[in-house]
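What follows is a short report on a single structure.
The values are calculated or read from the model by the stated rules, or taken from the named source; none is laboratory data. These numbers come from a predicted model, not from an experiment. So basically every Cβ, Gly included, is an ideal-geometry build from the backbone, and we count neighbours across all protein chains shown. SASA here: full protein model, heavy atoms, side chains in, ligands and nucleic acids out. Shrake-Rupley method; radii C 1.70, N 1.55, O 1.52, S 1.80 Å.
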Amino acid sequence: MDEMIRLYGYMWNVEGAAEKLCKVVVILLFGVWLCAAAGSLEDSGADAFGYSVSGGFAQSRTEAGGELGVALPEVSKGIFPAVPAPTPAPAADMGTREGTADIVSTAIPVIAPAESSAIASVIPGGVDLAEEQEEAGALPAMLTIHLYGNGGSPAAVTVTEQANAFSAENWSIPQRPGKVFDGWYLDAACTRPFEGVEEGTDVLELYAGWRELEGFVSDDAGHILSCAPDLAIVDGTLVLPSNSACTGIEAGALADVADQVVEIYIPANIRYIAPGAFDSLPNLMYIEAEAGNPNYYSANGILYTSEGEIAACPAWYMEE
């Protein structure tokens with residue numbers, strides 16, 4: 001009896017071992033099948049889920065159904081839209097890559113330049129730019145100007161200015177005693193007034209022009225030598241020029257207007273009065289000197305020197 005029990009247990013162990021062996025074989029076969037299937041998918045270009053790059057998921061599923069003998073439902077391609085490949089970042093130097101010129105020309109539209117003849121060369125204000133440049137080119141970039149005093153002071157001055165932007169108002173005006181500046185001339189005789197720079201000029205020579213004080217004639221020291229009755233005297237009053245070019249008056253200068261003078265006004269710039277310059281004026285009643293005259297002052301119509309001596313007196317004055 002004990003022997004039969006042992007034999008039965010032995011047979012049970014054999015059957016359990018066989019069952020386990022079968023399971024191991026099945027697992028090994030399933031693993032081999034999975035490896036074979038994975039290799040087939042890799043060769044066909046499909047991924048692990050059956051997506052095929054060449055034919056799509058539907059084609060791979062159909063082929064799999066044929067092998068298995070089962071009709072698998074067709075899957076719409078719209079469910080799995082194609083995903084574009086990521087665009088690589090542009091390199092720092094696009095000019096060093098192949099096909100870069102084509103990419104740039106495709107991405108950036110090229111605007112063809114207009115014909116040069118179609119471009120209007122006009123500056124604001126309606127001035128033709130070509131004409132403006134042509135006119136500017138007619139003058140040199142810099143202009144050298146020699147200014148001659150022509151009897152005035154300073155005797156000569158040289159200035160350099162831009163030819164297309166110079167201004168005579170910036171030039172210093174010379175001074176000449178007894179004369180008034182009358183503008184710039186192209187000749188020393190003052191017969192050709194300066195009106196502008198001629199084309200092609202790079203050096204300009206100009207001469208100061210002079211004229212007499214209005215109503216008076218003076219010498220080179222600025223002393224009055226004579227006066228015009230209709231210009232110098234107004235309502236019996238003789239006002240000597242207040243221009244700094246006039247510095248004094250000589251004897252006999254009032255001979256032509258002696259009977260017309262009733263009053264005389266002496267400005268501060270008159271610093272010289274010749275002895276007897278106001279004599280022989282029968283109607284002279286009053287003499288006044290401007291305050292601030294360094295050499296003369298007046299009191300009660302009588303003219304005094306800065307030292308207090310009488311320089312001239314009206315016709316009514318009688319010396320004590």
How high is the relative contact order of region 134-246, given as a whole-number percent (alpha carbon pairs under 8 Å, six or more residues apart)? 27
How many angstrom separate the Cα center of region 270-308 from the Cα center of region 219-263? 13
Sort 182, 219, 259 from largest to smallest accessible area, using a 1.4 Å probe on the heavy atoms of the protein chains. 259, 182, 219
Ignoring any ligand, DNA or RNA, what whole percent of the accessible area of region 174-320 comes from carbon and sulfur when the probe is 1.4 angstrom? 47
The correct ranking of 313, 35 by accessible area at 1.4 Å, largest first, is 35, 313
Given 22-33, 297-308, 194-205, the highest-first ranking by average Cβ count within 10 Å works out to 297-308, 194-205, 22-33
For residue 173, what accessible area in Å² do you get when you roll a 1.4 Å probe over the heavy atoms of the protein chains, rounding to the nearest 10? 100
In nm, the gap between the two label points placed 7 Å beyond Cα toward Cβ at residue 32 and residue 316 is 16.0
